[in-house]
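All remarks here apply to the structure that follows.
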Amino acid sequence: MELSRLVELNAAYARAIDTEKFEEWPDFFLDPCLYKVTTADNVAQGLESGVMYADSRGMLQDRISALRQANIYERQRYRHIVGLPVVLGEDGGTADVETPFLIVRIMHDGKMEVFATGCYRDKVRLDAANTPRFAERIVVCDGGRFDTLVAIPF
């Protein structure tokens, strides 16, 4: 898969979240898909648990519905800094890709802090319209400390 298409996919993904267009977020995924947020320690130990988990676009859409209508959390937004993707391999039309990220969280009062650093471990395929989509996105965070409520997707 062309590197430029992977860069565009990651840039559009981050922009949708950073501009709070959360309803667009599930559209970056195929259906079925896998989305999981975990830690580097969990990955190193072979532990499957994650802070956030979805295995279909419907589950991603439900997460956004809950975010908009049910969850109560302190107003915040993110700013993603996404590095260049590295294609680790390709097999049967699926690209295995790793991309580093840094997310700054901006609170309603303007306070900013590094929220998470890590890498996206993705499996990317083209959909029927020849558009790259995530078949799998595993968000591997360097640190293991999170707020009790992770409201916004990474």
Residue that is over 21 Å from GLY46 (Cα atoms), of a type outside the set (Lys, Arg) and within 12 Å of the chain's Cα centre (by Cα), where the choices are PRO100, PRO153: PRO153
Number of the condition not met by ALA66 [criteria: (1) farther than 26 Å from VAL114 by Cα; (2) surrounded by fewer than 12 Cβ atoms within 10 Å (Cβ to Cβ)]: (1)
Inter-residue pairs, beta-carbon under 6 Å, first closer than 15 Å to TYR120 by Cβ and in the range 1-30, second of a type in the set (S, T, N, Q) and surrounded by 13 or more Cβ atoms within 10 Å (Cβ to Cβ), 6+ apart: ASN10/THR99
Members of the range 90-120 found to be at negative phi and assigned to a loop (DSSP other than H, G, I, E, B), listed by number: HIS108, ASP109, LYS111
Filter result for ILE106 (under 17 Å from ASP18 (Cβ atoms), over 16 Å from the mean Cα position of the chain (by Cα) and surrounded by 13 or more Cβ atoms within 10 Å (Cβ to Cβ)): yes
The range 73-89, subset within 17 Å of the chain's Cα centre (by Cα) and not in a strand (DSSP E or B), residue surrounded by the most Cβ atoms within 10 Å (Cβ to Cβ): PRO85
Residue satisfying all of: in the range 109-149; surrounded by fewer than 16 Cβ atoms within 10 Å (Cβ to Cβ) and among the hydrophobic types (A, V, I, L, M, F, W, C); farthest from LEU60 (Cα to Cα) among these: MET112
Qualifying positions in the range 104-149 - over 11 Å from GLN76 (Cβ atoms) and of a type in the set (Val, Ile, Thr): VAL114, THR117, VAL124, THR131, ILE138, VAL139, VAL140, THR148
Filter result for THR99 (of a type outside the set (D, E, K, R), in contact with a helix residue (DSSP H, G or I) (Cβ under 7 Å, 6 or more places away or on another chain) and modelled with pLDDT of 95 or more): yes
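The values are calculated or read from the model by the stated rules, or taken from the named source; none is laboratory data. Predicted, not measured: the structure shown is a model, and the values here were computed from it. We place every Cβ from the backbone using ideal geometry, glycine too, and count neighbours over all the protein chains shown.
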